[in-house]
Each structure stands twice: as C-alpha cells, then as structure tokens.
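Engineer: Below: one structure in structure tokens.
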Amino acid sequence: MIGMMASGKSTVGKALARQLEWEFFDVDKEIEKRSGVPISEIFELEGESGFRKRETKMMDELTQRSRVVIAMGGGAPMFEANRPLLKRGLVIQLVTTVEDIIERTRYDTARPLLQCDDKEQRIAMLLEERSSVYDLMSDLVVSTAGGHLHSVVDRILEDPQVVELVDRVNVEEKDNVDIYG
C-alpha cells in the first residue's frame, strides 16, 4: 500500500490483512521495532538518506514474503531503488484529501515532514510532488476520503486484480503442501 501520510495505509492494510488472513507489516513500524528508536530520531541522527537506506533494506526483505499486506512509508515510492521492490506485488494507492490528512495528523508530533509552521501548505506541496509517481507505481487507486473502513476494504477485495492475486496465492499455497501418509 502506498499513498500520502495519513491516507489510511496502516489502518486499511491491517483490516485487509485480517480479512485475507495474511500478515500485515508497516515498514516504518518495523524499522522502529528493529532499531529501537523512533523514525524521527533516525531522521535526526542519520538524515533522510540514512532513513531511506534502512527503508529500502526493510522493503527488500518484506516484499520477498508471500501472503503479506505491507504499508509503505509515504516517501518510499519517490526513491528509485524502492520502485522495483514495490512491483514485486500488487501496488494499491490510497488517496484522500488534504483536509482529511490535516485532520488525521492534527495531534501527531511524530512525523518529521510535518515539523513546520504551515502543515496545509507542506501537505499540499508533498502531494503535488508525489502524485505522479504514486500514479505511475499504482495498480489500483482507492479513495479513503470520508469512507468507512469496511467499505474501503470491500472495494479493494472486489477489484479483479486483487481477486486474481488472492486466487493465485491460494493455488500456489495448495501446490506447495506436502502430504505424507
């Protein structure tokens, strides 16, 4: 799952994974868990380039797994090294409005890119910078603006590309079962 911060990647991703009975991973949370420090501290100590190296390494590991839903960081698709990693799976872009992003991040102090005076301007600028790359990388685009979680997940699960992927994964899993007796 790709999209702007607060577009719903983690929330929708968890619900989708639960519905599919797959594992869910949030790349940023995995980096924090394994490094033992928050993303904001990694940005502070190593800069964005240090964080992006960690992100690429984590994405490489997670995208090699099967039966997973992965929430990528909002900036992940912007880095050329990450793009082939994204294409290992079906890329779902979640979109929402600038207003929704502002509302969803109103009390969030942990996002390094929003440590500024004018959040609305910053979000609009990031959205403008990233939209064309998000669109290029996406196999499916789903709006989370004003939507209920279950209806968003249902729209994803009803998409023919998702149905085909789930069917293929289930067939591969059956083909890999050894029967002894």
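The values are calculated or read from the model by the stated rules, or taken from the named source; none is laboratory data. Just so it is clear, the structure is predicted and the values come from calculations on it, not from any experiment. Every residue, glycine as well, gets a Cβ built from its backbone with ideal geometry; the counts of neighbours run over all protein chains shown.
Engineer: May I ask you to verify whether Gln161 is at pLDDT 85 or above, surrounded by fewer than 14 Cβ atoms within 10 Å (Cβ to Cβ) and touching a strand residue (DSSP E or B) at 6+ places or on another chain (Cβ under 7 Å)?
Structural biologist: yes
Engineer: Being of a type in the set (D, E, K, R), in contact (Cβ under 8 Å) with a residue 60 or more places away in the chain and out of contact with any helix residue (DSSP H, G or I) (no Cβ under 8 Å at 6 or more places or on another chain) is the requirement here; does Asp118 meet it?
Structural biologist: Against the criterion (of a type in the set (D, E, K, R), in contact (Cβ under 8 Å) with a residue 60 or more places away in the chain and out of contact with any helix residue (DSSP H, G or I) (no Cβ under 8 Å at 6 or more places or on another chain)), Asp118 does not qualify.
Engineer: Now for a different question. Filtering the stretch 1-32 down to residues that are out of contact with any strand residue (DSSP E or B) (no Cβ under 8 Å at 6 or more places or on another chain), farther than 19 Å from Asn82 by Cα and among the aliphatic types (A, V, I, L, M), which residue is surrounded by the most Cβ atoms within 10 Å (Cβ to Cβ)?
Structural biologist: It comes out as Ala6.
Engineer: Tally the residues that are at pLDDT 95 or above and under 14 Å from Met1 (Cβ atoms), restricting the search to the stretch 60-79.
Structural biologist: 9
Engineer: Quick one: what pairs do we get from the stretch 1-26, first residue part of a strand (DSSP E or B), second modelled with pLDDT under 95 and crowded, with 19+ Cβ neighbours inside 10 Å, C-beta under 7 Å, 6+ apart or different chains?
Structural biologist: As it stands, the answer is Gly3/Gly74, since those pairs meet every condition given.
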